[in-house]
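Worksheet: the structure to be examined is printed underneath.
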Amino acid sequence: MVLSDVVRAASWAAIALILWTLGLSLPLVLIGVGVAAAFLALFYPAERALLPQLIHEEEIPTANGILLSTNQIVGFVATSTGGTSSPRSA
Amino acid sequence: MIPAGLFNSSTFVVSALLRASIAFPLRGSLHGPEATPVPTEPFWPSVRAGFAYLRSNVALLQLTISATFMNFFLSIVLSFLVAYVVGELGVGSVVYGLVLGSFSIGFAVGAVLVGRTAAVRHMGKVWVITGAATAVPIAALVLFPGPVVAFGSVLAIGILMGYGGVTWRSGAQLIVPGEMQGRYFGVDQLGSIAILPLAQISGFFSSPSTGSSRRTRSWRRVPPPPASGSACSVRCGGSDTRRGRPEPARTLGPGHRAEAGERFLPP
């Protein structure tokens, strides 16, 4: 999971660097997003398998509920923020 | 875009640091030998072991297949909400944002409710009821097109998906043996990812851009109820094929055991 996070961090940093230095290069951006998505696919099974090893069984439903609801809420806020702050929304 | 990319990158750095700092009194040390670390296998033998375990457990196999179908149909609905809102309702981005946001709100509510109810003890019933009930708001989207109905329907879909999804995930984590969970969730993830492009393509052909009539378009977008009641009769027991001996039922919480004939919901 740590490796997955590190690779995804590097991928998004690389995408930002590409946009800053080369401008919009769709193939390079797609490669960066593809790498990040590949490691996301590795991340999810590990995350799901790790949780039961960290908490007691009776806490699993509550922990999953908190995890997924947080994901949804943060995702909604982030998407809304990105959408309203993008140049095209002006 | 550049600040967003850098911010996104920094969140993964924070995540990596937090995860690296996790102290590991693994559950194996709390609950006996069930989570005893096993030697790491090469990739392909691990994949084969995951499929073999899935085949050995009829309940999990049917769950994974039905979850794949659920992902397929719901991906069509959710991915093409933008086409529905703009093409069918004829409204703008604000309404689309509200409709999409209602899914997140509903999902969050449904997810939290799982820990406050006995959903995991009755995961078979939860699986069937939430799956079948999802057809109702989807049908409402088609039969009564309008912003208010869209908001309420997508909110309901979110609640049902959140409730069912967390119940499924929790149930799988409680039933699948610790040493097989990585393999099982890997196989499940593979099925979920593999089906999404097909859903996108199917959604494309049923979207308003195909130029068919409004009424026809609407009916073509109605997927069948995503859950199958026939799946209720399967048992959650199975065998650990790596060890070659039956896997005992695992407890679902204090004083409760997995109910035979129960099922659970996809992510």
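Of the residues that make up segment A:48-70, is at least one acidic (Asp, Glu) and either farther than 30 Å from B:ILE175 by Cα or at the interface with chain B (Cβ under 8 Å from one of its Cβ atoms) (or both)? Before you say what the answer is, go through the steps one by one.
As a first pass, look at segment A:48-70 and keep what is acidic (Asp, Glu): A:57-59.
Cutting the leftovers down to either farther than 30 Å from B:ILE175 by Cα or at the interface with chain B (Cβ under 8 Å from one of its Cβ atoms) (or both) gives us A:57-58.
Scanning segment A:48-70 turns up at least one residue that is acidic (Asp, Glu) and either farther than 30 Å from B:ILE175 by Cα or at the interface with chain B (Cβ under 8 Å from one of its Cβ atoms) (or both).
Take A:LEU24 and decide whether it is farther than 30 Å from B:VAL126 by Cβ and either in contact with a strand residue (DSSP E or B) (Cβ under 8 Å, 6 or more places away or on another chain) or not in a helix (DSSP H, G or I) (or both).
Details: farther than 30 Å from B:VAL126 by Cβ: yes; either in contact with a strand residue (DSSP E or B) (Cβ under 8 Å, 6 or more places away or on another chain) or not in a helix (DSSP H, G or I) (or both): yes.
Considered against the rule, which asks whether it is farther than 30 Å from B:VAL126 by Cβ and either in contact with a strand residue (DSSP E or B) (Cβ under 8 Å, 6 or more places away or on another chain) or not in a helix (DSSP H, G or I) (or both), A:LEU24 comes out as yes.
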Among residues of segment B:120-160, those that are among the hydrophobic types (A, V, I, L, M, F, W, C), more than 14 Å from every other protein chain (Cβ to nearest Cβ) and under 21 Å from B:SER66 (Cα atoms), counted: 10
Residue in segment A:75-85 that is surrounded by 18 or more Cβ atoms within 10 Å (Cβ to Cβ) and part of a helix (DSSP H, G or I) present: yes
Subset of segment B:161-196 that is farther than 15 Å from B:ASN57 by Cβ, surrounded by fewer than 24 Cβ atoms within 10 Å (Cβ to Cβ) and aliphatic (A, V, I, L, M) - its residue that is nearest to the other protein chains (Cβ to nearest Cβ): B:ILE193
Of residues in segment A:16-32 being exposed (fewer than 14 other Cβ atoms within 10 Å of the Cβ) and among the aliphatic types (A, V, I, L, M), the one farthest from B:GLY171 (Cα to Cα): A:LEU22
Residues (in contact (Cβ under 8 Å) with a residue 12 or more places away in the chain and part of a helix (DSSP H, G or I)) located in segment A:1-21: A:LEU3, A:SER4, A:ASP5, A:VAL7, A:ARG8, A:SER11, A:TRP12, A:ALA14, A:ILE15, A:ILE18
Residue within segment B:107-119 that is in contact with a strand residue (DSSP E or B) (Cβ under 9 Å, 6 or more places away or on another chain) and more than 8 Å from chain A (Cβ to nearest Cβ) present: yes
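For segment B:32-139, which fully contained helices (runs of 4 or more DSSP H) count at least 1 residues that are over 17 Å from the mean Cα position of the chain (by Cα) and among the small types (Gly, Ala, Ser)? It would help to see each step written out before you state the result.
Working: elements: B:43-56, B:58-79, B:93-116.
The qualifying helices (runs of 4 or more DSSP H) are B:43-56, B:93-116.
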Segment B:27-56: number of residues that are at pLDDT 55 or above and facing another protein chain (nearest Cβ under 9 Å): 0
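The values are calculated or read from the model by the stated rules, or taken from the named source; none is laboratory data. Remember, predicted model here, so these are calculated numbers, not experimental data. Cβ sites come from the backbone with ideal geometry, for glycine too, and all protein chains shown count toward neighbours.
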